[in-house]
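Report on one structure; see the data block that follows.
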Amino acid sequence: MWGWDLGFIGMTIGAFLVLWLLVKGVERFER
Amino acid sequence: MGSAGAGWLQFALLVAALAACYVPLGNYIARVFTSEKDWAIERGFYKLIGIDRTADQKWSVYLRSILAFSFVSVLFLYGLQRVQHYLPYSEGLPGVTPDTAWNTAASFVTNTNWQNYAGESTMGYVSQMTGLVVQQFLSAAVGLSVAIAMIRGFVRSRTDKLGNFWVDVTRCTVRLLIPIAIVGGLILIAGGAIENFHSYQTVTTLSGAHQTIPGGPVGSSEIIKNLGNNGGGWFNTNAAHPFENPNPFTDWFIIFTLLLIPFATPRAFGKMVKDNRQGYALVAVMVIIWAAAVGGISFFEAHTGTGGAATVLAHHAAEGTEVRFGTPACSLFAASTTVTSTGAVNCFHDSLTPFGGGIALFDIALGEIAPGGIGAGMYGILILAVVTVFVAGLMVGRTPEYVGKKIRPVEMKYAALYFLSLPVIILTAAGLSIGTHIGQRSIFNPGPHGLTEIVYAFASEANNNGSAFAGLGTSATWYQILGGFVMLFGRFVPEIMALGLAGSLARQQPVPASAGTLDTRTPLFVGMVVGVVLVLVGLTYFPALALGPFAEGLH
């Protein structure tokens, strides 16, 4: 079960990291 | 009075009640977000979390605040569900399984409230109250905050600041959602919704069988479920459960509350841009689409020609309908819950007639802009208005302008990315599920209806609606994980584009209206926006609609 928990926490970090990078990409596009 | 007459009377009363609230509530929403004064409780909260309330944020900082807040919320909600068996009032229920806990955390933080679980047999009282219901307030407040930041893009000029997210989300919760939820919750409880902390009772029925009667503080959760366009029911059958929605009055009141804030937000827009007629134009678009959805679903659910012998004998499409409310109330509820991002149900959407269900799917595919989810509907329709003035500008060779701001290529890129993001997410996820063995294993209905169920599931998740067709095993790990990602990206990618567009508009200098400016306050513009909505969504989803509900209905 702990493996699943770590996996889902990792997926959450991954999803928000993608979104964070998307914001960064859009900022770069603006400049 | 027949049930059809009662249904139309309910619709007329809804229109009257919403029209009466439009000006006062819209003005109040505008005042909440433009007032210079903080309430004492707000000042205390800012001090507690170390926020400088006077510090305005650039669009990207505003957005990063939303992402950070939502990231922490997902992790907190996930952890809370996993350890619920250690919490009081858990009714002996075990911790929620990891895949369901993650899907549910993503679902409630994104205002979707897609539920791959049955509330009464999965969630304890504390998990629901301190986790799910709290997110029903906060996710709604986040949505409205984004809409307000977008409106500031039109109001402000020569700045890259759109406001302070922490101030907006606090004010929305404290000044708007909580006061209405207290009054509305008391009305629901007075109307018969249960409110207790009783343990589940096991009783012996007249036939000698045993039945477990659940309890819970349902009335106080039911109000924010609808007011915040969340939709996640305390019980598995949602608003078809008699403890959650006891009678026709509460049914009407629930529909009223889920439409209340989204329909009043255009007034706040008009007030903030100092031109109330702009708000009237947008609310007219919303009303036209909502009324057409109500009329369309009502027609097909009452029409006995396409439903087979059972429908003919019952004089309407009775399967899956809660008999306490009848088909007209089911149609009104289904249309209202799918044009907003609510997703609460009082009947079984999988049992709607093919064309009735197709309209519900089309409503969701519209991006829920009529009137849409709390805040999400407002920024969605503002982007549609931007697209409309761009199309109009192309036709007559003028530089498009909207509410004193030029719509240049950079703004159109944001608008195009906004609209492309959702179909890409929905159709990719649906295609992966149809085209892989792991996805196919959970499809229980082959043929057009099965296709509709899959497309509906991902459209509902990506647009943060949360209602579902049944017949698809979405509790399988594939759908739990894929659905979680669809909800997160379906919520935040469009918000990134909306706030990027708002930032771009805020940096502009306002353009005074001239003889060449398209008047966006006229019936002509209202008709153009409706046309653009239908063409954009119709073309994007036509193949899926043709192979799903149309094929099933014409078979």
Filter the helices (runs of 4 or more DSSP H) completely within segment B:8-111 down to those with at least 3 residues that are modelled with pLDDT of 95 or more and crowded, with 22+ Cβ neighbours inside 10 Å.
-> B:59-82, B:98-109
Lone unmet requirement of (1) more than 21 Å from B:Phe300 (Cβ to Cβ); (2) of a type in the set (D, E, K, R); (3) in contact (Cβ under 8 Å) with a residue 40 or more places away in the chain for B:Asp519 | (3)
Across (1) away from every other protein chain (no Cβ under 14 Å); (2) under 30 Å from B:Leu499 (Cβ atoms), B:Met412 clears everything bar (1)
Just to be sure, is B:Leu482 within 14 Å of chain A (Cβ to nearest Cβ), aliphatic (A, V, I, L, M) and more than 30 Å from B:Arg152 (Cβ to Cβ)?
-> yes
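Check every one of the helices (runs of 4 or more DSSP H) wholly within segment B:154-235 and list those with 1 or more residues that are at negative phi and among the small types (Gly, Ala, Ser).
Details: elements: B:165-171, B:178-190, B:218-227.
Those helices (runs of 4 or more DSSP H) span B:178-190, B:218-227.
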Is there a residue in segment B:448-458 that is within 14 Å of chain A (Cβ to nearest Cβ) and small (Gly, Ala, Ser)?
-> no
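Which one of these is away from every other protein chain (no Cβ under 14 Å) and under 19 Å from B:Leu417 (Cβ atoms): B:Thr522, B:Thr540? Show your work before the answer.
On the way: B:Thr522 fails: under 19 Å from B:Leu417 (Cβ atoms).
The match here is B:Thr540.
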Given the structure, is B:Leu417 under 19 Å from B:Leu539 (Cβ atoms), over 26 Å from the mean Cα position of the chain (by Cα) and surrounded by fewer than 24 Cβ atoms within 10 Å (Cβ to Cβ)?
-> no
In segment B:430-448, which residue that is out of contact with any Gly (no Cβ under 6 Å at 6 or more places or on another chain) and buried (at least 19 other Cβ atoms within 10 Å of the Cβ) is farthest from B:Gly231 (Cα to Cα)?
-> B:Gly439
Can you name every residue in chain A that is closer than 16 Å to B:Ala68 by Cβ, among the small types (Gly, Ala, Ser) and either more than 7 Å from chain B (Cβ to nearest Cβ) or in contact (Cβ under 8 Å) with a residue 60 or more places away in the chain (or both)?
-> A:Gly14
Which one of B:Arg491, B:Arg507 is within 14 Å of another protein chain (Cβ to nearest Cβ), over 21 Å from B:Phe419 (Cβ atoms) and of a type in the set (Lys, Arg)?
-> B:Arg507
Could you tell me which numbered condition B:Ala498 fails, if it satisfies all but one of (1) small (Gly, Ala, Ser); (2) within 12 Å of chain A (Cβ to nearest Cβ); (3) not in a helix (DSSP H, G or I)?
-> (3)
Could you list, in sequence order, the residues of segment B:90-99 that are of a type outside the set (Asp, Glu) and more than 11 Å from chain A (Cβ to nearest Cβ)?
-> B:Ser90, B:Gly92, B:Leu93, B:Pro94, B:Val96
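Condition check ((1) within 22 Å of B:Asn464 (Cα to Cα); (2) within 14 Å of chain A (Cβ to nearest Cβ); (3) of a type in the set (Lys, Arg)) across all residues:
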{"site": "B:Arg82", "(1), (2), (3)": "no, yes, yes"}
{"site": "B:His85", "(1), (2), (3)": "no, yes, no"}
{"site": "B:Pro88", "(1), (2), (3)": "no, no, no"}
{"site": "B:Ala101", "(1), (2), (3)": "yes, yes, no"}
{"site": "B:Ala106", "(1), (2), (3)": "yes, yes, no"}
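If you check B:Gly375, B:Gly343, which single one turns out to be buried (at least 24 other Cβ atoms within 10 Å of the Cβ), modelled with pLDDT of 95 or more and on the phi > 0 side of the Ramachandran plot?
Details: B:Gly343 fails: modelled with pLDDT of 95 or more.
Matching residue, one of B:Gly375, B:Gly343: B:Gly375.
The values are calculated or read from the model by the stated rules, or taken from the named source; none is laboratory data. On a predicted model such as this, the values are computed, not experimentally measured, just so you know. When we count neighbours, we look across all protein chains shown, and the Cβ atoms used for this are built from the backbone with ideal geometry, even at glycine.
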